[in-house]
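Report on the structure given below.
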């Protein structure tokens, strides 16, 4: 008589684990961050205004490679922009 409740508990545990496995299979796989989200995260990180929540989302869903490449591209564009404005200012001032 004591064995019957344990069988019931075992079967209910199996059903519970099966339903959890099925629910895991029906969920969409986690998608990474999109292009604009990556750009926003890189810019926020460069200027130091990124929220803690966004940073956690980036680490959970994003790939390190996409943030590294985005950061390198942004730094290069930033340096080229500064050089452009410095050269334009020097030309306008008459310096060569």
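The values are calculated or read from the model by the stated rules, or taken from the named source; none is laboratory data. Please read these numbers as outputs of a predicted model, since none were measured by experiment. Cβ atoms come from the backbone with ideal geometry, glycine included; neighbour counts cover every protein chain shown.
Return yes or no: is residue 21 assigned to a helix (DSSP H, G or I) and modelled with pLDDT under 85? Full working, then the answer.
Working: assigned to a helix (DSSP H, G or I): yes; modelled with pLDDT under 85: yes.
Criteria met by residue 21.
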Residue list for the range 45-58, filter: surrounded by 10 or more Cβ atoms within 10 Å (Cβ to Cβ) and in a helix (DSSP H, G or I): 45, 46, 54, 55, 56, 57, 58
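Of the residues 62, 44, 32, only one is modelled with pLDDT under 65 and in contact with a helix residue (DSSP H, G or I) (Cβ under 9 Å, 6 or more places away or on another chain); which? Steps first, please.
Numbers: 62 fails: modelled with pLDDT under 65; 44 fails: modelled with pLDDT under 65.
Residue meeting the stated conditions: 32.
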